[in-house]
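Remarks on the structure that follows.
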Amino acid sequence: MIKPAAIILGCNHAQPWWMEAPLPGKVKLDDETGRLAALRRYQVLDTQIERPFETIISLVEDILEVPICAVSLLDADRQWFKAQRGLEVCETSRDIALCHYAIQQEEPMVVPDTTADERFSANPLVTGEEHLRAYAGVPLVTPDGYAIGTLFAMDTQPRTFSDYDLRVLRRFARLVVDELELRLQSGADQLTGVMVHGAWMAMVREEIQRAARNANTLCISLFDIDRFKRINDAHGRALGDQVIRSVIAACETELRAGSKLGRLGGAQFAVLFTECALDQAVVAAERCRRAIERLTLSTPEGADIEVTASFGVAPLYSYALSPEELIELADRALYQAKSNGRNRVEVGQVVPSFYPGTA
């Protein structure tokens, strides 16, 4: 009998490049800072359900005949599931995630019996009611070589995963990364409709060059929804998504046409103000802050939710600045706003400007 994935997997010809394991040395295993930056570039953490990832997980579930499988993304201190089957939670702490070990190697990680593996025999996911026994995980490796998570399959009974099973996981892991790349290249954040991180940064680079050619002023602002994780944890991702959409809608009503919004990741956003002096950018950021503060949102049970945001504003005080340097200046101002009590606007401290109206 032909296996259900025979057509998908193309078993009658030589293995193509996208089925093979990563080449030795391709995966950057000792750069956690770069790995986290690669993960956040996709702006996928804490996003809503999306059909392509659900389809992949459904196929893994059916073909491998496993009760548990997921697209797992490893953040600094947690693993978060973009799509899952057989799990009651959308995330766990990273210190109990088997995937934490899987991203530390280039080859798929297979554990036939977790109770017989000293790394996992005392793990609460193994000893607790989940009774996780067998694991197979393939790293999700980005084009620049960072393992941002895994596509994994698990069973509640000891099990040996075959070469065929691992080929399936490898191929679908590649599809997961391809889908993330497509989301990135589309230029628009699926939840809010504003520009994604990469597209926004590219646009800022172009605007800096344009400002230099025309001797124009330019500013940016970073803002972050205050205590957003507390809202998400207390009321769930659906309400968290509603908060994000409402915040962006409130800002869009206050910004002029030339201002460009971008989502840098999670609950952090950025605004580019073209042909705009620093004092004007501060006024615009303050309008947005007040609009967010006035939002009236409530839980399904009718309880009110207080939503505020903190802002950091920075001017382009030198045409030699890169987008990353400008972001760093605004980020320091944002940190100051958080430190000073949140729900406020702070300005990045800069050297005197070499053109009028921005220092």
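A few comments on the model shown:
- Close pairs (7 angstrom Cβ cut-off, 6 or more residues apart or separate chains): closer than 30 Å to residue 235 by Cα in the stretch 294-323, among the hydroxyl-bearing types (Ser, Thr, Tyr) and open to solvent by less than 50 Å² (accessible area, probe 1.4 Å) anywhere: 295/246; 297/246; 305/299; 311/221; 312/221
- Strands (runs of 3 or more DSSP E) enclosed by the stretch 61-129 - at least 1 residues per element that are in contact with a Gly (Cβ under 9 Å, 6 or more places away or on another chain) and under 20 Å from residue 177 (Cα atoms): 68-74, 78-85, 109-111
- Matching entry among 165, 144 (being among the acidic types (Asp, Glu), in contact with a helix residue (DSSP H, G or I) (Cβ under 7 Å, 6 or more places away or on another chain) and over 14 Å from residue 109 (Cα atoms)): 144
- Flag if residue 344 is charged (D, E, K, R), in contact with a strand residue (DSSP E or B) (Cβ under 8 Å, 6 or more places away or on another chain) and farther than 18 Å from residue 267 by Cβ: no
- Qualifying positions in the stretch 209-226 - in contact (Cβ under 8 Å) with a residue 60 or more places away in the chain and closer than 26 Å to residue 345 by Cα: 211, 217, 218, 219, 220, 221, 222, 223, 224, 225, 226
- In the stretch 85-115, the residues that are in contact (Cβ under 8 Å) with a residue 24 or more places away in the chain, of a type in the set (Gly, Ala, Ser) and either in contact with a helix residue (DSSP H, G or I) (Cβ under 7 Å, 6 or more places away or on another chain) or open to solvent by 30 Å² or more (accessible area, probe 1.4 Å) (or both): 86
- Output for the stretch 228-253, where each listed residue is more than 17 Å from the chain's Cα centre (by Cα), in contact (Cβ under 8 Å) with a residue 40 or more places away in the chain and open to solvent by 20 Å² or more (accessible area, probe 1.4 Å): 235, 242, 246
- Any hit, the stretch 164-175, residues being in contact (Cβ under 8 Å) with a residue 60 or more places away in the chain and under 30 Å from residue 289 (Cβ atoms): no
- Flag if residue 324 is at pLDDT below 95, of a type outside the set (A, V, I, L, M), farther than 25 Å from residue 195 by Cα and not in a strand (DSSP E or B): no
- Criterion violated by residue 177 - all others in (1) open to solvent by 20 Å² or more (accessible area, probe 1.4 Å); (2) closer than 25 Å to residue 241 by Cβ; (3) in a helix (DSSP H, G or I) satisfied: (1)
- When we screen 146, 135 for residues that are more than 25 Å from residue 51 (Cβ to Cβ), in contact (Cβ under 8 Å) with a residue 12 or more places away in the chain and in contact with a Phe, Trp or Tyr (Cβ under 9 Å, 6 or more places away or on another chain), the only hit is 135.
- Contacts under 7 angstrom Cβ, first residue in the stretch 40-57 being under 14 Å from residue 175 (Cα atoms), partner crowded, with 20+ Cβ neighbours inside 10 Å and among the basic types (Lys, Arg), 6 or more apart: 53/82
- Residue in the stretch 155-170 that is surrounded by 13 or more Cβ atoms within 10 Å (Cβ to Cβ), in a strand (DSSP E or B), in contact with a strand residue (DSSP E or B) (Cβ under 6 Å, 6 or more places away or on another chain) and not hydrophobic (A, V, I, L, M, F, W, C) present: yes
- So residue 280, is it open to solvent by 50 Å² or more (accessible area, probe 1.4 Å), within 19 Å of residue 312 (Cβ to Cβ), modelled with pLDDT of 90 or more and not hydrophobic (A, V, I, L, M, F, W, C): yes
- Of everything listed in (1) within 21 Å of residue 48 (Cβ to Cβ); (2) among the small types (Gly, Ala, Ser); (3) over 23 Å from the mean Cα position of the chain (by Cα); (4) surrounded by 18 or more Cβ atoms within 10 Å (Cβ to Cβ), the single unmet condition for residue 266 is (3).
The values are calculated or read from the model by the stated rules, or taken from the named source; none is laboratory data. Nothing here was measured: the structure is a model prediction, and the numbers come from that model. Because the Cβ atoms are built from the backbone with ideal geometry, glycine has one as well, and the counts that use them run over all protein chains shown. Side chains included, ligands, DNA and RNA excluded: accessible areas come from the protein's heavy atoms. Shrake-Rupley method; radii C 1.70, N 1.55, O 1.52, S 1.80 Å.
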